[in-house]
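Engineer: I am attaching a structure below and will ask some questions about it afterwards.
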Amino acid sequence: MSKRKIVTLPGDGIGKAVLEAAIRVLDAAGFEAEYIEGDIGWEFWKHEGDPLPERTLKLLEEHKIALFGAITSKPKDAAAEELDPAMRGKGLVYSSPIVGLRQHFNLDICMRPCHTYKGNPLNFVRRDADGGMEEPEVDVVIFRQNTEGLYSGIEWSDPPQNVHDAFMSHPKFAKNFGSTPKEELSISSRIFTKKATGRILRAAFEHARKYGYKSVTVCEKPNVLRETSGMMYKMAMEMQKNEFPEIELWNTNVDAQMMWLTKNPENYGVIVAGNLFGDIISDGFAGLIGGLGFACSAQYNPDNGIGVFEPTHGSAPKYADYPVSIVNPVAMVESACMMLDFIGENDKAAKIRKAVAAVIAEGKVRTYDMMKMRGSADVVNEGAASTDEMADAIIARL
């Protein structure tokens, strides 16, 4: 039988280091695959004017599954300044390649689990009623709608006249912004569709049912964003009543949810939100389990079978040139486990997760973030594990 082909997208900065560590762990767990590297990221923007070349899209279209490291994104003007001189003046505008991947393949379901590792010194703690300390166990899965909302990229500065005219047809726009010169306006649109909203809600409810979570929480802002957030909550109520009556439906405003995050995080199970609020709340819960070094994600389209699996941390370019990589690879390793689950290799995923949990619980091997050090090149000389040493410890457990 031929090996499964996995597209690897190292991207920028620390992406290459954590991706290589995760592949070593996959190998040690007995997962056999052929890895095909795809071109994506800042270097391709600078030299080709395209951070997501067509050849990379074709790779993923053919092989379906990708492991993604990290990406660097910069504002429009800064990106234009870094283009090679030969590429300038051609009307090229930078856009995030990971957003481009999501939209091209309609990877509209994003799943971000956040669970406590026992023994992690970065776990959230709080005072109990008697004045002592307690460490609540967090086990939350955030479902984030991945292609719509404010991240859909439909926005304008100095909007075209037809766009301005359309907005002027809304009485509140005409009243509050009608006297503002058009060239002084920047407008971003927040778009929800019933199809995509229904799909992310269904994914959340089905996950809760499959894994025994008692509740699904819609985390939006329907008291203000009455049309978009309001539509999501209304659809959730109908779906829960008609199809998932055994699962409680909770409704929180995103601002209040951020307050409750440190009050009672153990009460929440599955959370579902639009793009921006899902991004915010998933980073908030990641902070309770140790930070972005432990935050993994999957984004996928169940119709075409395409899935991209990535840690939610950024490219951290300041760490990329250190002689020894110091970053925590656990988020990338956990993302690889999500990939294994997606393709039906659940036993191998469980084996790796057990090894990761054992290493963290033992506490002998800790990366700089787990030791609460500032990220500098010399932390490995002060007792912190390097990226490879953490991977080695996980492999030894395997």
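Engineer: Sort out which residues of the range 53-99 are of a type outside the set (Ser, Thr, Tyr), farther than 17 Å from Phe309 by Cβ and buried (at least 19 other Cβ atoms within 10 Å of the Cβ), and write them in order of number.
Structural biologist: Ala79
Engineer: I need a count of the residues in the range 366-388 that are β-branched (Val, Ile, Thr) and within 15 Å of Phe294 (Cα to Cα).
Structural biologist: 2
Engineer: Which residue, of Val270, Val216, Val308, is of a type in the set (A, V, I, L, M, F, W, C) and touching a Gly at 6+ places or on another chain (Cβ under 8 Å)?
Structural biologist: The conditions single out Val216.
Engineer: For the range 132-142, state whether one or more residues are surrounded by fewer than 16 Cβ atoms within 10 Å (Cβ to Cβ), farther than 15 Å from Gly278 by Cα, more than 32 Å from the chain's Cα centre (by Cα) and not assigned by TED's automatic domain parsing to the domain that holds Val356.
Structural biologist: Yes, the range 132-142 contains at least one residue that is surrounded by fewer than 16 Cβ atoms within 10 Å (Cβ to Cβ), farther than 15 Å from Gly278 by Cα, more than 32 Å from the chain's Cα centre (by Cα) and not assigned by TED's automatic domain parsing to the domain that holds Val356.
Engineer: Looking at (1) in a loop (DSSP other than H, G, I, E, B); (2) under 20 Å from Phe44 (Cβ atoms), which is the only condition Gly100 fails?
Structural biologist: If we test Gly100 against (1) in a loop (DSSP other than H, G, I, E, B); (2) under 20 Å from Phe44 (Cβ atoms), just (1) comes out false.
Engineer: Looking only at the range 51-64, which residues are over 21 Å from His313 (Cβ atoms), outside any helix (DSSP H, G or I) and either touching a residue at least 40 places away in the same chain (Cβ under 8 Å) or not assigned by TED's automatic domain parsing to the domain that holds Lys351 (or both)?
Structural biologist: Lys64
Engineer: If you don't mind, another one. Within the range 341-360, identify whether any single residue is modelled with pLDDT of 95 or more, more than 19 Å from Asn123 (Cα to Cα), in a strand (DSSP E or B) and of a type in the set (S, T, N, Q), and answer yes or no.
Structural biologist: no
Engineer: For the subset of the range 219-270 comprising residues that are of a type in the set (Val, Ile, Thr) and closer than 30 Å to Met133 by Cα, which member is surrounded by the most Cβ atoms within 10 Å (Cβ to Cβ)?
Structural biologist: Filtering first and then ranking leaves Val270.
Engineer: Please go through the range 286-327 and pick out each residue that is out of contact with any helix residue (DSSP H, G or I) (no Cβ under 7 Å at 6 or more places or on another chain), of a type in the set (Asp, Glu) and under 18 Å from Ile71 (Cα atoms). Let's see the steps before the verdict.
Structural biologist: Taking the range 286-327 first, the residues out of contact with any helix residue (DSSP H, G or I) (no Cβ under 7 Å at 6 or more places or on another chain) are 287, 289-291, 301-305, 314, 316-323.
Next, only the ones that are of a type in the set (Asp, Glu) stay: 303, 321.
Scanning the range 286-327 gives a single hit, Asp321.
Engineer: To continue, here is another question. Working carefully through the options Ser215, Ser152, find the one that is hydroxyl-bearing (Ser, Thr, Tyr) and modelled with pLDDT of 95 or more. Let's see the steps before the verdict.
Structural biologist: Working: Ser152 fails: modelled with pLDDT of 95 or more.
The conditions single out Ser215.
Engineer: If you don't mind, another one. Among the acidic types (Asp, Glu), surrounded by fewer than 23 Cβ atoms within 10 Å (Cβ to Cβ) and modelled with pLDDT of 95 or more: does that describe Glu310?
Structural biologist: no
Engineer: What pairs come out if I take residues in the range 230-246 that are over 13 Å from Ser215 (Cα atoms) and in the same structural domain as Ser215 (by TED's automatic domain parsing) and pair them with residues that are of a type in the set (Lys, Arg) and surrounded by fewer than 18 Cβ atoms within 10 Å (Cβ to Cβ) whose C-beta lies under 8 Å away, six or more apart or interchain?
Structural biologist: Met231/Lys194; Met235/Lys194
Here's the yes/no breakdown for (1) at positive phi; (2) modelled with pLDDT of 95 or more; (3) among the acidic types (Asp, Glu):
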site	(1), (2), (3)
His207	no, yes, no
Glu220	no, yes, yes
Pro245	no, yes, no
Val254	no, yes, no
Asn264	no, no, no
Val272	no, yes, no
Phe294	no, yes, no
Pro302	no, no, no
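Engineer: Could you please let me know if Asp77 is at pLDDT 90 or above and among the acidic types (Asp, Glu)?
Structural biologist: So Asp77 fails the test.
Engineer: For the range 342-352, which positions are touching a helix residue (DSSP H, G or I) at 6+ places or on another chain (Cβ under 9 Å) and surrounded by fewer than 17 Cβ atoms within 10 Å (Cβ to Cβ)?
Structural biologist: The answer is Asn346, Asp347, Ala350.
Engineer: Could you identify the single residue in Ala295, Ala396 that is over 29 Å from Leu261 (Cα atoms) and either under 21 Å from the mean Cα position of the chain (by Cα) or of a type in the set (A, V, I, L, M, F, W, C) (or both)?
Structural biologist: Ala396
Engineer: Still on this structure, I have one more. What are the residues in the range 13-44 that are touching a Ser or Thr at 6+ places or on another chain (Cβ under 9 Å), buried (at least 21 other Cβ atoms within 10 Å of the Cβ), modelled with pLDDT of 95 or more and not in a loop (DSSP other than H, G, I, E, B), if any?
Structural biologist: Those that are touching a Ser or Thr at 6+ places or on another chain (Cβ under 9 Å), buried (at least 21 other Cβ atoms within 10 Å of the Cβ), modelled with pLDDT of 95 or more and not in a loop (DSSP other than H, G, I, E, B): Gly15, Ala17, Val18, Leu19, Ala21, Ala22.
Engineer: Inspect the range 106-127 for any residue being small (Gly, Ala, Ser), part of a loop (DSSP other than H, G, I, E, B) and without any contact (Cβ under 8 Å) to a residue 40 or more places away in the chain and give the result as yes or no.
Structural biologist: The answer is no, given that none of the residues of the range 106-127 is small (Gly, Ala, Ser), part of a loop (DSSP other than H, G, I, E, B) and without any contact (Cβ under 8 Å) to a residue 40 or more places away in the chain.
Engineer: Output the residues belonging to the range 232-248 that are touching a helix residue (DSSP H, G or I) at 6+ places or on another chain (Cβ under 8 Å) and under 19 Å from Asp279 (Cα atoms).
Structural biologist: Across the range 232-248, the qualifying residue is only Met232.
Engineer: Quick check: is even one residue across the range 167-187 closer than 30 Å to Arg112 by Cβ and more than 21 Å from the chain's Cα centre (by Cα)?
Structural biologist: Looking through the range 167-187, at least one residue is closer than 30 Å to Arg112 by Cβ and more than 21 Å from the chain's Cα centre (by Cα).
Engineer: Right, here's the next one. Of these, Met168, Met111, which one is modelled with pLDDT of 95 or more and under 30 Å from Ala358 (Cα atoms)?
Structural biologist: Met111
The values are calculated or read from the model by the stated rules, or taken from the named source; none is laboratory data. All figures in this text were calculated on a predicted structure; none of them were measured in a lab. Cβ sites come from the backbone with ideal geometry, for glycine too, and all protein chains shown count toward neighbours.
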